[in-house]
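Notes follow once the structure below has been shown.
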Amino acid sequence: MDTQQTRQGIGFALGAYFIWGIAPAYFKLVKTVPPTEIMTHRVIWSALFMLVLISLSRSWKQVRSVLAQPKKVLLLALTAVTIGGNWLLFIWAVNNQHMLEASLGYFINPLINVVFGMLFLRERFRRLQWLAVLLATLGVLVQLWQFGSIPVIALGLALSFAFYGLMRKKIQVDAQSGMLIETLWLFPLAAIYLFGVADSATSHLSANPLSLNLKLVAAGIVTTIPLMLFAAACTRLRLSTVGFFQYLGPTLMFLLAVLFYGETITPDKMVTFAFIWLALAVFIFDAVVATIRSRRMASRTV
């Protein structure tokens with residue numbers, strides 16, 4: 001990767017994870033709406049937002065180029081289902097007082113990105129990276145052994161989002177085209193559910209207050225912008241490097257959960273958090289050391 005691409009990728013990654021970190025505050029504003037309905041609004045308004053965005057940026061040429069490759073279009077159906085499941089689980093967790101476990105999932109995710117990078121992208125593991133992954137695994141196992149519980153929400157969010165990042169990197173589709181095609185895959189299902197199946201106090205838009213409808217429309221922006229930034233970062237950076245910036249998101253979620261929404265850290269979560277934070281400290285230290293070494297080697301060659 002050249003320097004300009006790397007800088008762009010870092011900017012995109014920081015923007016994506018900052019928005020994701022504060023996103024729970026938005027979902028708390030619409031917690032009266034069932035998670036499945038919020039999910040359908042995310043899909044519908046995101047698809048419409050992407051159509052407008054691509055038209056304004058005159059990017060239909062790139063979209064047609066992707067549509068001319070059936071294999072990529074089918075793979076984007078898989079990523080659409082994956083990210084759709086991730087969205088639904090995240091919304092449910094936030095609005096059912098499981099924001100801490102959601103933040104734990106996104107703390108675990110960078111380490112899973114490293115594992116996926118090694119298994120599927122032939123990215124090499126360094127010794128300290130092995131240690132970091134081992135510590136994270138021990139954190140989950142200790143919770144299972146001592147407290148008889150598994151952080152299902154955290155693992156579900158971490159694995160689904162890591163798989164999504166891996167697939168988007170392998171597909172190599174530009175951020176806008178990929179996001180549009182993913183939402184269009186989900187659009188029919190979302191529309192059928194919202195307008196034909198859902199029957200709650202908030203499912204009929206004409207009966208909702210204007211303020212609530214505007215918040216639901218904003219789901220398209222909250223959904224689309226960070227995902228586009230994330231996809232753009234994945235095409236410019238190593239998968240393990242993208243994972244490094246994800247600490248910003250779960251840190252903000254953790255602070256929101258504890259300081260603003262009154263969630264308490266139970267003993268089982270505290271044990272797992274301690275192991276994960278230790279693993280991340282090792283991972284960050286390794287990344288810093290590796291960066292310093294590479295710069296020294298580069299300066300010597302020059």
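The values are calculated or read from the model by the stated rules, or taken from the named source; none is laboratory data. The model shown is predicted, which means the values in this text are computed figures rather than measured ones. We place every Cβ from the backbone using ideal geometry, glycine too, and count neighbours over all the protein chains shown. Just so you know, the surface numbers come from the protein's heavy atoms only, side chains and all, with ligands and any DNA or RNA stripped out. Shrake-Rupley method; radii C 1.70, N 1.55, O 1.52, S 1.80 Å.
Observations on the structure shown:
- Being farther than 20 Å from ASN109 by Cβ and in contact with an Asp or Glu (Cβ under 9 Å, 6 or more places away or on another chain) is a property that holds for THR202.
- Of all residues making up segment 202-247, the number that are closer than 24 Å to PHE187 by Cα and in contact (Cβ under 8 Å) with a residue 24 or more places away in the chain: 21
- Every pair of residues 6+ apart whose Cβ atoms lie under 6 Å, when the first sits in segment 40-52 and is in contact (Cβ under 8 Å) with a residue 24 or more places away in the chain while the second is open to solvent by 10 Å² or more (accessible area, probe 1.4 Å) and of a type in the set (Val, Ile, Thr): TRP45/VAL217
- If you go through segment 190-214 and pick out every residue that is closer than 16 Å to ARG42 by Cα and either among the basic types (Lys, Arg) or open to solvent by less than 90 Å² (accessible area, probe 1.4 Å) (or both), you end up with 10.
- For GLY220, the conditions (1) under 24 Å from the mean Cα position of the chain (by Cα); (2) not in a helix (DSSP H, G or I); (3) not aliphatic (A, V, I, L, M) all hold with the exception of (2).
- Count - residues of segment 233-261 that are surrounded by fewer than 20 Cβ atoms within 10 Å (Cβ to Cβ) and more than 21 Å from GLY117 (Cα to Cα): 6
- For first residues located in segment 1-30 and farther than 20 Å from ILE221 by Cα, partners that are of a type outside the set (D, E, K, R) and open to solvent by 20 Å² or more (accessible area, probe 1.4 Å) and lie 6+ apart or on another chain with Cβ distances below 8 Å form the pairs GLY9/MET1; GLY9/THR235; GLY9/THR241; ILE10/PHE245.
- Within segment 33-77, the set of residues being of a type in the set (Ser, Thr, Tyr) and over 14 Å from ALA198 (Cβ atoms) comprises SER46, SER55, SER57, SER59, SER65.
- Single unsatisfied condition, ILE225 versus (1) within 14 Å of the chain's Cα centre (by Cα); (2) open to solvent by less than 60 Å² (accessible area, probe 1.4 Å); (3) modelled with pLDDT of 85 or more: (2)
- Single residue of ARG236, ARG293 found to be of a type in the set (D, E, K, R) and either in contact with a Pro (Cβ under 7 Å, 6 or more places away or on another chain) or part of a helix (DSSP H, G or I) (or both): ARG293
- Within segment 262-302, the set of residues being surrounded by 15 or more Cβ atoms within 10 Å (Cβ to Cβ) and of a type in the set (Ser, Thr, Tyr) comprises THR272 only.
- Of all residue pairs spaced 6 or more apart or on separate chains, those with beta-carbon atoms under 9 Å, a first member in segment 141-160 that is on the phi > 0 side of the Ramachandran plot and a second member that is crowded, with 16+ Cβ neighbours inside 10 Å and in a helix (DSSP H, G or I) are GLY148/ASP268.
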